[in-house]
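First comes the structure, then the notes that go with it.
The values are calculated or read from the model by the stated rules, or taken from the named source; none is laboratory data. Being a predicted model, the structure only gives us computed values, none of them experimental. Glycine also receives a Cβ, built like all others from the backbone with ideal geometry; neighbour counts cover every protein chain displayed.
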Amino acid sequence: MEVHAHTHTARKKWTHYFWEFLMLFLAVFCGFLAENFREHQIEKNRAQQYLSSLYEDLKNDTARINQLIAYDEEKIKALNNMYACYDTVIKDMKTTACMGILIRHSRSNRGFVLTDRTLKQLANAGGYRLLNKDDADSIIVYENMYKGYLDFQTTVFQGAQDNVRNTLNQIADFKVMAPHQLTTAIMVADTASSILNGPLLFIEDKVMLNKWFNELAIYLRTTNGQRNSILQLKNKAVSILQYYKSKHHFE
């Protein structure tokens, strides 16, 4: 009777499998941590790039706002002469020379358009989630203030300016404003001469003249409102610039 020898493989202890599992787990977990850290750094760098770009946008905005404020203040100063001018014209409706400066400063307006290249990137690429709450909130407040300014400019302010223009068209003598004066005023309204080519009024209608000055007074108030609104926007932009400069060390 034959006896067959059988080879037996020693069974591994459970601790061996445990250590194999632990080493595999640690390898996967460390890989996960490394990938998560890498993604976090990428997002942190991207957020810093957004803020740096926005910082430059805000500097550009404040420079243009300063020009607009100076323009509005010059306009306000000129339009404040309407009261003395009204007294002069209402006494003698052929003495209209003082209306020239009023017409020049009520024909046109310089609007402010936000530098929105970074804001569009933040909105379209979901960039706001990369920013901390304080940074994101400061941007949103600034953008909402601009929307309020823009709404005022395109509704209340534009309506007041249209009223002044329309009434002037009814009372102004074409030959006093044209051909050179009217063409210049339309094409380059900001630099148009304020010197009229003779008595302005086409009809000596005190009611219409009074209406124009009333509308001009409303236009002055809305210009003051627009100047104050854009000044608030500038102050907000400056405060954000100072905040970013202090927190993120931008120059």
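Among residues of the stretch 78-99 that are at negative phi, those with a Cβ under 6 angstrom from a residue that is of a type in the set (S, T, N, Q) and at pLDDT below 95, sequence gap 6+ or separate chain, pair up as Thr88/Thr95; Val89/Thr96. Give me the pairs: first residue in the stretch 213-241 and farther than 27 Å from Cys98 by Cα, second residue among the charged types (D, E, K, R) and in a helix (DSSP H, G or I), beta-carbon distance under 7 Å, and six or more apart or on different chains, which are they? Within 7 Å, the pairs are Ala237/Asp61; Leu241/Lys59.
The condition (being surrounded by fewer than 20 Cβ atoms within 10 Å (Cβ to Cβ) and closer than 17 Å to Lys236 by Cα) is satisfied by just one residue among Ala136, Ala97: Ala136.
The selection criterion, being part of a helix (DSSP H, G or I) and either of a type outside the set (D, E, K, R) or in contact with a Pro (Cβ under 8 Å, 6 or more places away or on another chain) (or both), does not hold for Ala97.
Does Leu209 satisfy being in a helix (DSSP H, G or I) and modelled with pLDDT of 85 or more? Spelling it out, Leu209 is indeed in a helix (DSSP H, G or I) and modelled with pLDDT of 85 or more.
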